[in-house]
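Trainee: Could you have a look at this structure, given as structure tokens, before my questions?
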Amino acid sequence: MLNNGLTKKAHKTTIYFINIRKDSLNKKIQDTVSIIENKYNNNDKISYLTQNPLFTNEQMEIEYIYDEFNKIKKEIGKISTDSIMFTVNYFYKDSLVFKTKSETKNDIFHMKQIGKYEYNSDKTLKQTSLLNQYIDIESNDTISNTIEISKYDKKELITESRLSDLIKPERNINSKYEYECGILKAVKEFNDKDSLISKTEYKYEFDKFKNWIKRESFENGKLEYIKTRKIEYK
């Protein structure tokens, strides 16, 4: 695996999100709702991301900046409908990232985002946390305050993620991930009372380099959406 999760060097990938629904005659309809394009640098790390939701005008662009040691320094992003740019800064300790921080403010809201990283003794990723706060500028009220804590196995695959809403705890969600040979096969979601509310299973198609080019998502046994991925190899 390269730094971008692929098995072979690539210039870019383009992912199409296709929503599956049925009309009044029970006929299946497929709608492409979003397109994401990822470009990669010479070190096989993402350098630029563009996301185009097809039913809105809010195109998002993110540029990834690295230092001379090929470590991520910051992400600089912009949404087409907003003149304010947002920046995520990365902070390191003993060559490992231990914190990220982002803060954005406009005439409507003030957003704060803080990420923290914890590692095992062998320097593999153990746990991450991401705190998000949205504050209404006019009232100065906190309208959203969440923290997501994710745990990882020895291969640095996410095994569990708990999203806690600090204002409305009834919205808390705990997700558990299942893999087969390192490929995500299923995600189970539980509510704040630890009751199973959904199970999403994934089916894949792969190209000759063993990179997936199609992923179907079945929620509680029903096909909900499809991702297709076009990979432009070097």
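Trainee: Quick check for you: with a 1.4 Å probe and neighbouring chains kept, what is the accessible area per residue of the chain, in Å²? Provide the component values of the computation, followed by the final result.
Mentor: Values: 14950 Å² over 234 residues.
Computed with neighbouring chains in place, this is 64 Å² per residue.
Trainee: Once you list every other residue whose beta carbon is under 12 Å from the beta carbon of Asn41, what net charge do they have if Lys and Arg are +1 and Asp and Glu are -1? Walk me through the numbers before you get to the answer.
Mentor: Working: positive: Lys9, Lys12, Lys39, Lys45, Lys234; negative: Asp44, Glu63.
Every neighbour counted, the sum reads +3.
Trainee: Further, regarding this structure: Relative contact order, percent, of the range 1-45 when contacts are C-alpha pairs under 8 Å separated by at least 6 residues?
Mentor: 45 percent.
Trainee: Principal axis lengths of the range 169-234 from Cα atoms, whole Å, largest first?
Mentor: Taking max minus min along each principal axis of the Cα atoms, the range 169-234 gives 48, 22, 19 Å.
Trainee: Could you grab the relative contact order for the chain? Cα pairs under 8 Å, six or more apart, rounded to a whole percent. Write down the numbers at each step before the final one.
Mentor: Working: 549 pairs, mean separation 32.7, N = 234.
For the chain, the relative contact order is 14 percent.
Trainee: Heavy atoms only, probe 1.4 Å: what % of the accessible area of the chain goes to carbon and sulfur, would you let me know? Please report the intermediate quantities before stating the final value.
Mentor: On the way: 7220 of 14950 Å².
Solvent-exposed carbon and sulfur of the chain make up 48 percent of the total.
Trainee: Under 8 Å for C-alpha pairs, at least 6 residues apart: give me the relative contact order for the range 34-115, rounded to a whole percent.
Mentor: Working: 159 pairs, mean separation 12.7, N = 82.
Reported as a whole number, the value is 15 percent.
Trainee: Please say if the range 41-115 is rounded, prolate or oblate, where rounded means a/c under 1.5 for a ≥ b ≥ c the square roots of the C-alpha gyration tensor eigenvalues, and otherwise the choice is prolate for a/b larger than b/c and oblate otherwise?
Mentor: oblate
Trainee: Indicate the gyration tensor shape class of the range 150-201 (rounded, prolate or oblate), computed on the Cα atoms with a ≥ b ≥ c the square roots of the eigenvalues: a/c under 1.5 is rounded; otherwise a/b larger than b/c is prolate and the rest oblate. Write out the running numbers ahead of the final one.
Mentor: Details: a/c = 3.74, a/b = 1.73, b/c = 2.16.
Oblate, since a/c reaches 1.5 and b/c is not below a/b.
Trainee: Using a cut-off of 9 Å between beta-carbons, work out the net charge of the residues near Tyr177 (Lys and Arg +1, Asp and Glu -1, Tyr177 not included).
Mentor: +1
Trainee: How much net charge surrounds Ile158 when only other residues with a Cβ under 12 Å from its Cβ are counted (Lys, Arg +1; Asp, Glu -1)?
Mentor: Numbers: positive: Lys126, Lys151, Lys155, Arg162, Lys176; negative: Glu148, Asp153, Glu156, Glu160, Glu178.
Computed value for this residue: 0.
Trainee: A follow-up question, please. Determine the percent antiparallel among the DSSP beta bridges restricted to the range 54-157, to the nearest 5.
Mentor: The antiparallel fraction comes to roughly 100 percent.
Trainee: Please compute the alpha carbon radius of gyration of the range 104-234, then divide it by the globular-protein estimate 2.2 N^0.38 Å. Two decimals is fine. Before the final figure, lay out each step's value.
Mentor: On the way: Rg = 18.3 Å, N = 131, 2.2 N^0.38 = 14.0 Å.
For the range 104-234, the normalised Cα radius of gyration comes out at 1.31.
Trainee: Further question on the same structure: Any of Lys126/Lys230; Lys39/Lys230; Lys73/Lys203 with alpha carbons more than 23 Å apart? Name them for me.
Mentor: Those over the limit are Lys126/Lys230; Lys73/Lys203.
Trainee: Along the charge dipole of the range 33-96, which of Asn89, Gln51, Ile79 sits closest to the positive end, that is, farthest toward it, with unit charges on the beta carbon of Lys, Arg, Asp and Glu (+1, +1, -1, -1)?
Mentor: Farthest towards the positive pole: Asn89.
Trainee: First measure r as the distance between the Cβ atoms of Thr142 and Lys93, then evaluate 1/(1 + (r/R0)^6) with R0 = 30 Å and state the FRET efficiency to the nearest 0.05. Walk me through the numbers before you get to the answer.
Mentor: On the way: r = 29 Å, r/R0 = 0.98.
Computed FRET efficiency for Thr142 and Lys93 comes out at 0.55.
Trainee: Oh, and also: Might you report the magnitude of the Cβ-based charge dipole of the chain about its Cα centre, with Lys and Arg at +1 and Asp and Glu at -1, to the nearest 20 debye?
Mentor: Numbers: 42 positive and 37 negative charges, 209 e Å.
Dipole magnitude for the chain comes out near 1000 debye.
Trainee: Considering the values (1) 27, 25, 22; (2) 28, 22, 15; (3) 24, 22, 17, which represents semi-axes √(5λ) of the Cα gyration tensor in Å as calculated for the structure under consideration?
Mentor: Correct label is (1).
Trainee: State the Cα centre-to-centre distance between the range 95-120 and the range 1-61 in whole Å.
Mentor: Each part reduced to its Cα centre gives a spacing of 25 Å.
The values are calculated or read from the model by the stated rules, or taken from the named source; none is laboratory data. These numbers were taken from a predicted model, which means no experiment stands behind them. Please note: Cβ atoms are built from the backbone with ideal geometry, for glycine as well, and neighbour counts cover all protein chains shown. For the accessible areas, the whole protein counts, side chains as well, though only heavy atoms, and no ligand, DNA or RNA atoms are used. Shrake-Rupley method; radii C 1.70, N 1.55, O 1.52, S 1.80 Å.
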